1. From (1) modelled with pLDDT of 95 or more; (2) out of contact with any Pro (no Cβ under 8 Å at 6 or more places or on another chain), pick out the condition that doesn't hold for Ala261.
2. Within the stretch 79-100, can one find any residue that is out of contact with any helix residue (DSSP H, G or I) (no Cβ under 8 Å at 6 or more places or on another chain), β-branched (Val, Ile, Thr) and not in a helix (DSSP H, G or I)?
3. Of the residues Tyr84, Tyr115, which is under 17 Å from Glu16 (Cβ atoms), at pLDDT 95 or above and aromatic (Phe, Trp, Tyr)?
4. Do the conditions hold for Val69, that is, is it out of contact with any Gly (no Cβ under 9 Å at 6 or more places or on another chain), crowded, with 24+ Cβ neighbours inside 10 Å and either more than 16 Å from Ala25 (Cβ to Cβ) or among the hydrophobic types (A, V, I, L, M, F, W, C) (or both)?
5. What number goes with the only condition from (1) under 27 Å from Leu263 (Cβ atoms); (2) loosely packed, with under 15 Cβ neighbours inside 10 Å; (3) in contact (Cβ under 8 Å) with a residue 60 or more places away in the chain that Leu26 does not pass?
6. Just for the stretch 244-271: of the residues that are of a type outside the set (Gly, Ala, Ser) and assigned to a helix (DSSP H, G or I), which one is nearest to Glu118 (Cα to Cα)?
7. Hey, among the residues in the stretch 29-62 that are among the polar types (S, T, N, Q) and touching a helix residue (DSSP H, G or I) at 6+ places or on another chain (Cβ under 9 Å), which one's surrounded by the fewest Cβ atoms within 10 Å (Cβ to Cβ)?
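The values are calculated or read from the model by the stated rules, or taken from the named source; none is laboratory data. Not measured: the values here are computed from a predicted model. FYI the Cβ positions are ideal-geometry reconstructions off the backbone, even for glycines, and counts take in every protein chain you see.
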Amino acid sequence: MPGTHPRELGLLSDCESCFGLCCVALPFSASADFAVDKDAGRPCTNLRDDFRCSIHSRLRERGFSGCTVFDCFGAGQKVSQVTYAGRSWREEPETARQMYAVFPVMRGLHELLWYLAEILTLPAAVPVHDSARALLEETEKVTRESAGVLEGFDVAAHRERVNEVLLRASELVRHGLDGRQHRGADLIGARLRGARLRGANLRGAYLIGADLRGADLRQADLIGADLRGADLTDADLTGAIFLTQAQVNAAKGAPTTRLPATLTRPPHWTASTQESRAPRRTTKPRHPRPRR
């Protein structure tokens, strides 16, 4: 049976073991997040022959902050080393189209594994642990299927099944906290400094550029919440559920920001509080957000 820690499940990105799939398979548009346009399936001009980024240490300065935000949940190395057994799209060009199609499917499955594994660490969610464990094992098994099976797999339908368990787990964790209901709310640029949001339902909420300095977000459900540019300085997110590294990477923060133990503090946070808090023009993510 798979473990529950992201490292045991291979959900932590390992770019050294990937064929630069996020730099090739995914499209992006010129915006505050990316300096140029790039079509899906076309290698980024910054991608070197060894699948490393030629401006990795200067991405934000060169206008590619979107690259520092993105997280594949370990899907890149899974596709590269397991699905294609270490054979790259450069070595076998005939595999490129399918590999690019499999990558977002794998990312979606790995994201669901992240949430399911988290449920198994939540004491309050014990009533749904059996269901979560069964879905975790089923999902992990799918990630090891052939490229042909993965390419045709219906992630959206599978997500619907998983979402039922995620919703129930969220209710159990937040029960009795009288958290606010902000599911899918438009809170772009909202002034929420010091807000009491413990146990709040913020599933899919738009918090772009929101001022969350000193906010209490303990046990808040943040699945799919858009935190791009949100200021989390002094905020307490310990115990917040279904928060991902990509969401944290997209926000602003400081050494005083308290995060769940499974997440790491982004390097750019040391300077982010000096930047303007006004929302910048951004593009919506092109990968599907979790159903809310």
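1. In the conditions (1) modelled with pLDDT of 95 or more; (2) out of contact with any Pro (no Cβ under 8 Å at 6 or more places or on another chain), Ala261 misses (1) alone.
2. Checked against the condition, which is being out of contact with any helix residue (DSSP H, G or I) (no Cβ under 8 Å at 6 or more places or on another chain), β-branched (Val, Ile, Thr) and not in a helix (DSSP H, G or I), the stretch 79-100 yields no hits at all.
3. Tyr84
4. For Val69, the condition - out of contact with any Gly (no Cβ under 9 Å at 6 or more places or on another chain), crowded, with 24+ Cβ neighbours inside 10 Å and either more than 16 Å from Ala25 (Cβ to Cβ) or among the hydrophobic types (A, V, I, L, M, F, W, C) (or both) - is not met.
5. The failed condition is (2).
6. So, considering only residues that are of a type outside the set (Gly, Ala, Ser) and assigned to a helix (DSSP H, G or I), the one nearest to Glu118 (Cα to Cα) is Gln245.
7. My answer is Ser31.
Yes/no per residue for (1) crowded, with 18+ Cβ neighbours inside 10 Å; (2) of a type in the set (A, V, I, L, M); (3) touching a Phe, Trp or Tyr at 6+ places or on another chain (Cβ under 7 Å):
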position	(1), (2), (3)
Gly86	no, no, no
Trp89	yes, no, yes
Ala101	no, yes, no
Gly108	yes, no, no
Ala117	yes, yes, no
Ala125	yes, yes, no
Val128	yes, yes, no
Leu136	yes, yes, no
